[in-house]
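These notes concern the structure reproduced below.
The values are calculated or read from the model by the stated rules, or taken from the named source; none is laboratory data. Quick caveat, the model's predicted, so the values are computed rather than measured. Please note: Cβ atoms are built from the backbone with ideal geometry, for glycine as well, and neighbour counts cover all protein chains shown.
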Amino acid sequence: MTYTEEVMAKLKSQYSYEPEFLQAVQEVLGSLSPVLEKNEKYRKNRILERLTEPERTIGFRVDWVDDAGNIQVNRGWRVQFNSAIGPYKGGLRLHPSVNLGVLKFLGFEQIFKNSLTGLAIGGAKGGSDFDPKGKSDMEIMRFCQSFMNELFRYIGATIDVPAGDIGVGGREIGYLYGRWKKLTRSYEGVLTGKNILFGGSLARTEATGYGVVYFAQAMLADRKENLAGKTCVVSGAGNVAIYCCQKLRQIGALPVTVTDSRGMIVDPDGINVEVLQKVKEVERASLARYAELVPGAKYTPASAYAEGRHPVWDVPCFAAFPCATQNELNLADAQALIKNGCKCVAEGANMPSTLEAVHDFVSSGIAYGPAKAANAGGVATSQLEMAQNAEMQSWTFEEVDKKLKQIMDNIYKNAADTAREFGRPGNLVMGANIAGFRKVADAMIAQGI
Ligand code: NDP
């Protein structure tokens, strides 16, 4: 049995009830064999066993009072996965599907993503099974305050710096920060994604969506291709999807779809980003509303989708940007994309493609940018927010955006060079995993047991 198989078998028996975590580990370990075979030190130091177990997992009760005066109880967690190369960093997710296994998958991915940015940040993730949908602002506020009543003990500007993720945007970060400040009587960059009025960074809101497009541009430039004038499909209709569409339109590409949990929009004239922002950021409505506002856009409710398929991946396109959630793109979807001429997939969401779909993308030879490389622009810009907070400065939008583009180009180069070094040119899954792994593993060895 190889070292990887041995560790994977043990994890499967220990954590059979955490399928997303096992999937994320399998994807990473599956591509580390070349580096593990060359370097006995990783096995000797039991690096895989240590890397797959969080340094610390904090779980807590979050009780809060709804508008009707009823007491509600949710579960909250923070998984502080690895701090070998810097303070823990990673978002908070509020969604009914959240459980410890989901947060472990996200925290594990975050270790390698953060390492790839070239910045000094460790990996973490947190969140709750709280469902923000249909809640009033006051209910969101009371939930966030209660969540922070526990979380504040474990975070700090040089300890652990959470940010947003699904269900956590500027509004939630504001409420969380307000409570943290009250509890600690301090004013530091303990959260990122803050409002610009109290220490937020310009371009942080846009960063993940813009970054995924910059990454796609870098992959395509290497193949003497570009996105200008090309049809693109985008899934999701949240923070990442909106700013992915905005950047695509700015560079002259044509994003024609967006999706949410209730349905899908196909707009052959190209997604109208201002309308999308009004529907999703202001009205917080379903995408059905977009079709009311944009004549010519077609709305399909999720109830009309065929079993096991998402119709967004049947829309012919040159490039696809999955930006909603994990496992939203399966093997049949990947095959449909490739059959219809798709030449580029850049992942905005975390682990949006199943293992089989990833394998299909890699073996087809299309430009495939895995999440931990392609969506690292958000966390990288969060680190830029931390840097601005630490020096009590704020940089212009253009300065931050320029640094973001540079970081995305560097991540691409790092992953592509590493893939070439290990004899698999173009395989960015292997390149990103090995490049992210080496830095963290070597830091762990240097720091001892
Ligand atoms: P948002 O909450 O802003 O948006 C999420 C979007 O995806 C919404 O349109 C939502 O639909 C849809 N969605 C969420 N869960 C499901 C589901 N189970 N089935 C169908 N649709 C779903 O989140 P973000 O845009 O911030 O995050 C999207 C993805 O990007 C996640 O995978 C996240 O981890 C990843 N990511 C985010 C970063 C960031 O900076 N925000 C950084 C790096 C990665 P609805 O509107 O109906 O809820």
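If you go through the stretch 166-218 and keep only what is aliphatic (A, V, I, L, M), more than 12 Å from the ligand (Cβ to nearest atom) and either assigned to a helix (DSSP H, G or I) or under 18 Å from the mean Cα position of the chain (by Cα) (or both), you end up with Leu176, Leu183, Leu191, Ile196, Leu197, Val213, Ala216, Ala218. Of all residues in the stretch 267-299, those satisfying the criterion of being assigned to a loop (DSSP other than H, G, I, E, B) and either in contact with a Phe, Trp or Tyr (Cβ under 8 Å, 6 or more places away or on another chain) or of a type outside the set (A, V, I, L, M) (or both) are Asp267, Pro268, Asp269, Gly270, Asn272, Glu283, Arg284, Ser286, Leu287, Pro295, Gly296, Ala297. Being of a type outside the set (Gly, Ala, Ser) and touching a residue at least 60 places away in the same chain (Cβ under 8 Å) holds for only one residue in Arg284, Arg289, Arg223, Arg249, and it is Arg223. When Cys245 is tested against (1) within 16 Å of Pro322 (Cα to Cα); (2) part of a loop (DSSP other than H, G, I, E, B), just one condition goes unmet, and that condition is (2).
Those strands (runs of 3 or more DSSP E) of the stretch 38-104 in which at least 1 residues are hydrophobic (A, V, I, L, M, F, W, C), more than 16 Å from the ligand (Cβ to nearest atom) and at pLDDT 95 or above, considering only elements entirely within it, cover 56-65, 71-82. Only residues that are more than 23 Å from the chain's Cα centre (by Cα) and more than 18 Å from Ser261 (Cβ to Cβ) were counted across the stretch 279-296, and they come to 5. The residue that is farthest from the chain's Cα centre (by Cα), counting only those in the stretch 380-398 that are without any contact (Cβ under 8 Å) to a residue 12 or more places away in the chain and in a helix (DSSP H, G or I), is Glu398.
Can you find, within the stretch 132-165, the residue that is nearest to the ligand (Cβ to nearest atom) among those that are among the acidic types (Asp, Glu) and closer than 21 Å to Gly90 by Cβ?
Only one residue tops the list, namely Asp165.
Yes or no, residue by residue, for (1) of a type in the set (Val, Ile, Thr); (2) surrounded by fewer than 22 Cβ atoms within 10 Å (Cβ to Cβ); (3) within 13 Å of the ligand (Cβ to nearest atom):
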site	(1), (2), (3)
Ala334	no, no, no
Leu337	no, no, no
Gly341	no, yes, no
Val345	yes, no, no
Ser353	no, no, yes
Glu385	no, no, yes
Gln388	no, yes, no
Glu399	no, yes, no
Pro425	no, yes, no
